[in-house]
Amino acid sequence: MIQSIRAIAILCIAGTIAVPATAADLLRRSPAPLAEPLPPTPVGTTWSGFYIGGNLGAAFDPNNLSIKDLSDEQDLSLKFSNDTELIGGVHGGYNWQAGTWLIGVEGDFDFADNINYLASVRGRLGWALGSWLLYGTGGVAFIDTDNDFVVVSADGGPFSFSNGNTDTGYVVGGGVEYKIAPQFSLGLEGLYYDFGSDSSHLVAGDEPFVLKEDQDFATVRARLNYHFNSGY
């Protein structure tokens, strides 16, 4: 009996010693997992930096001609095309962004059927909303045109003419752009050009007249841009 009691006591003591040892082993073998670092905060879209791109659109009524008949008969009439023309070209510029505000400068060079070139140097003032950019623009514009027209007289003709002009004027407008990728954006832009009026003294047969050209028109064009600063 005494021996049985001793055996039970020894087992209890051994169990008491073994339990803390086992718990300590578990703590040593299974340390608490370390917290993983948080991912870096996104920098956000930036519009700052150089960009280049191409554009394609329409020029609405780019040729506006009229004549003043100086002959005694007063029978001269003018025929010409003043249809909307497909226009396209290239552009490039630089943006500075401070918070949501953006200022920039851009130059472009476009072509159309009766327009040898249409170019401008413009300032831009915009408001950046993440991947979106709204802006207004304005500056100096340059144009070189070829105007083909026909003058009809009751006494003769028709008389065909080709009259070209190179002028300097101004351009104003605005647009919207959206970044579809860190280095690419799509945009839509509307511009209004005004190059004033030009007059030329011409003769159809033996009947003199004055040709007046009012060069003011609008363009709407889609844009695809590549941004060298890929901040996103």
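Ser199 - would you say it is without any contact (Cβ under 8 Å) to a residue 60 or more places away in the chain and farther than 18 Å from Ala112 by Cβ? Step through it out loud before you land on a result.
Values: without any contact (Cβ under 8 Å) to a residue 60 or more places away in the chain: yes; farther than 18 Å from Ala112 by Cβ: yes.
For Ser199, the condition - without any contact (Cβ under 8 Å) to a residue 60 or more places away in the chain and farther than 18 Å from Ala112 by Cβ - is met.
Can Lys212 be described as touching a residue at least 60 places away in the same chain (Cβ under 8 Å), closer than 26 Å to Asn225 by Cα and either touching a Ser or Thr at 6+ places or on another chain (Cβ under 7 Å) or exposed (fewer than 14 other Cβ atoms within 10 Å of the Cβ) (or both)?
It is false that Lys212 is touching a residue at least 60 places away in the same chain (Cβ under 8 Å), closer than 26 Å to Asn225 by Cα and either touching a Ser or Thr at 6+ places or on another chain (Cβ under 7 Å) or exposed (fewer than 14 other Cβ atoms within 10 Å of the Cβ) (or both).
Before we move on, is Asp108 charged (D, E, K, R), closer than 19 Å to Gly57 by Cα and part of a loop (DSSP other than H, G, I, E, B)?
In short, no.
Given the conditions (1) farther than 17 Å from Gly173 by Cα; (2) within 14 Å of the chain's Cα centre (by Cα), report the number of the one that Glu106 does not fulfil.
For Glu106, the failing item is (1).
Here are Phe149, Phe195: which of them is under 25 Å from the mean Cα position of the chain (by Cα), assigned to a strand (DSSP E or B) and crowded, with 17+ Cβ neighbours inside 10 Å?
When all the criteria are applied, what remains is Phe195.
If you take the residues in segment 155-165 that are outside any loop (DSSP other than H, G, I, E, B) and surrounded by 12 or more Cβ atoms within 10 Å (Cβ to Cβ), which one is farthest from the chain's Cα centre (by Cα)? Write out each step before concluding.
Quick first cut of segment 155-165, residues outside any loop (DSSP other than H, G, I, E, B) only: 159-165.
Then keep just the ones that are surrounded by 12 or more Cβ atoms within 10 Å (Cβ to Cβ); that gives 159, 161, 163, 165.
Working: Phe159: 43, Phe161: 38, Asn163: 33, Asn165: 29 Å.
Ranking the candidates gives Phe159 first.
Name the residues in segment 38-74 that are aliphatic (A, V, I, L, M), part of a loop (DSSP other than H, G, I, E, B) and at pLDDT 85 or above, would you?
Leu70
Please indicate, with yes or no, whether at least one residue in segment 121-140 is farther than 20 Å from Phe228 by Cα, surrounded by fewer than 19 Cβ atoms within 10 Å (Cβ to Cβ) and in contact with a Pro (Cβ under 8 Å, 6 or more places away or on another chain).
Within segment 121-140 (the criterion being farther than 20 Å from Phe228 by Cα, surrounded by fewer than 19 Cβ atoms within 10 Å (Cβ to Cβ) and in contact with a Pro (Cβ under 8 Å, 6 or more places away or on another chain)), the answer is no, since none of the residues qualifies.
Scanning segment 91-120 for residues that are touching a Phe, Trp or Tyr at 6+ places or on another chain (Cβ under 8 Å) and of a type in the set (Phe, Trp, Tyr), which turns out surrounded by the fewest Cβ atoms within 10 Å (Cβ to Cβ)?
Trp101
The values are calculated or read from the model by the stated rules, or taken from the named source; none is laboratory data. These figures come from a predicted structure and were not determined experimentally. All Cβ positions, glycine included, derive from the backbone under ideal geometry; neighbour counts span all protein chains shown.
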